[in-house]
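Structure first, commentary second.
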Amino acid sequence: MDFGEVVGRRRMVRSYLDVPLPPGSLERIVAAALSAPSAGFAQGQSLVVITDASQRSRIAAAGNEQEYVEHGLPPWLSLAPVHIVVTVSEQAYVDRYRETDKLGPDMEKLPWDVPYWWVDGGTTMMAILLAATNEGLAAGFQGNHNFDGLGAVLDIPESEKPLGVITIGFAAPDDRARGSVLRGRRPPTDTVHYDRW
Ligand SMILES: Cc1cc2nc3c(=O)[nH]c(=O)nc-3n(C[C@H](O)[C@H](O)[C@H](O)COP(=O)(O)O)c2cc1C
């Protein structure tokens, strides 16, 4: 698929067919995730890739899927054949920036007003969303704030913070567009500034 088409087609999908991914797709999506950049090349991002149906059901329960279903939405978390959870480790950045080619072993605290581990988790997530689109698949995201105990379900260590759950699969025909389609994007005249704000 042409890059412009991939970017243009990507949107969050919240209804899936109970159909597995074609061979090779997941491997290519994971490879794309691993190509993401990171501050200082700290590589503080990790992935939990879930295909097991019972694990997906536990994730759906932690994500209160039943409540959404009671409101007439499809069970999109449990139906999507693949879930990917991106996690980030702040400690990986502290360790990396204590190296001598960065701020050195005496660095007490990272002098950043931007927590770059979250930025890097976002770039990993976008790589996954675009790679899934490029495979002719659909992907969605439910943020960590909408889960109770996602880390416990997946045995994620305390030092690793999950962003949420990315769902991947074939879109069901009943997927109801939300987000950017319904609200419309802010016009570029409001959001893009050239040479100065
Ligand atoms: C950080 C983040 C958190 C999100 N959390 C949720 C969520 O918990 N549930 C959900 O249905 N969509 C979630 N979304 C999807 C957004 O609603 C969606 O990206 C936005 O409405 C724009 O729609 P589009 O991606 O289809 O263009 C989240 C997106 C991001 C980037």
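Read the figures in this text as sums done on the coordinates, not as results from a lab. What you are looking at is a predicted structure, and each value in this text was computed from that prediction instead of being measured. Using ideal geometry, Cβ is built from the backbone for each residue, glycine included, and neighbour counts are taken over all protein chains shown.
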Show me the helices (runs of 4 or more DSSP H) entirely contained within the range 35-123 in which 1 or more residues are touching a Lys or Arg at 6+ places or on another chain (Cβ under 8 Å) and of a type outside the set (A, V, I, L, M, F, W, C).
76-79, 90-97
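Is there a residue in the range 16-39 that is of a type in the set (S, T, N, Q) and within 30 Å of Lys102 (Cβ to Cβ)? Break it down into steps so the answer makes sense when it comes.
Of all residues in the range 16-39, those of a type in the set (S, T, N, Q) come to 25, 35, 38.
Retained after the next criterion (residues that are within 30 Å of Lys102 (Cβ to Cβ)): 35, 38.
Yes, the conditions are met somewhere in the range 16-39.
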Go through the residues of the range 126-133 one by one and say whether even a single one is more than 15 Å from the ligand (Cβ to nearest atom) and either surrounded by fewer than 18 Cβ atoms within 10 Å (Cβ to Cβ) or polar (S, T, N, Q) (or both).
no
Checking Val181 against (1) farther than 30 Å from Tyr93 by Cα; (2) within 13 Å of the ligand (Cβ to nearest atom); (3) assigned to a helix (DSSP H, G or I); (4) without any contact (Cβ under 8 Å) to a residue 40 or more places away in the chain, the condition it does not meet
(4)
Residue among Gln45, Gln55 that alone is within 16 Å of the ligand (Cβ to nearest atom) and either out of contact with any Ser or Thr (no Cβ under 8 Å at 6 or more places or on another chain) or closer than 26 Å to Asp155 by Cα (or both)
Gln45
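For the range 140-156, what are the residues that are surrounded by 10 or more Cβ atoms within 10 Å (Cβ to Cβ) and either out of contact with any Leu (no Cβ under 8 Å at 6 or more places or on another chain) or hydrophobic (A, V, I, L, M, F, W, C) (or both)? It would help to see each step written out before you state the result.
Within the range 140-156, the first condition is being surrounded by 10 or more Cβ atoms within 10 Å (Cβ to Cβ), and the residues that meet it are 140-144, 146-154, 156.
Passing the criteria: Gly140, Phe141, Asn146, Phe147, Asp148, Gly149, Leu150, Gly151, Ala152, Val153, Leu154, Ile156.
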For the list (1) over 19 Å from the mean Cα position of the chain (by Cα); (2) surrounded by fewer than 17 Cβ atoms within 10 Å (Cβ to Cβ); (3) charged (D, E, K, R); (4) farther than 26 Å from Arg185 by Cα, I need the number of the one condition that Asp2 fails.
(4)
Keeping to the range 166-178, report how many residues are out of contact with any strand residue (DSSP E or B) (no Cβ under 6 Å at 6 or more places or on another chain) and within 15 Å of the ligand (Cβ to nearest atom).
4
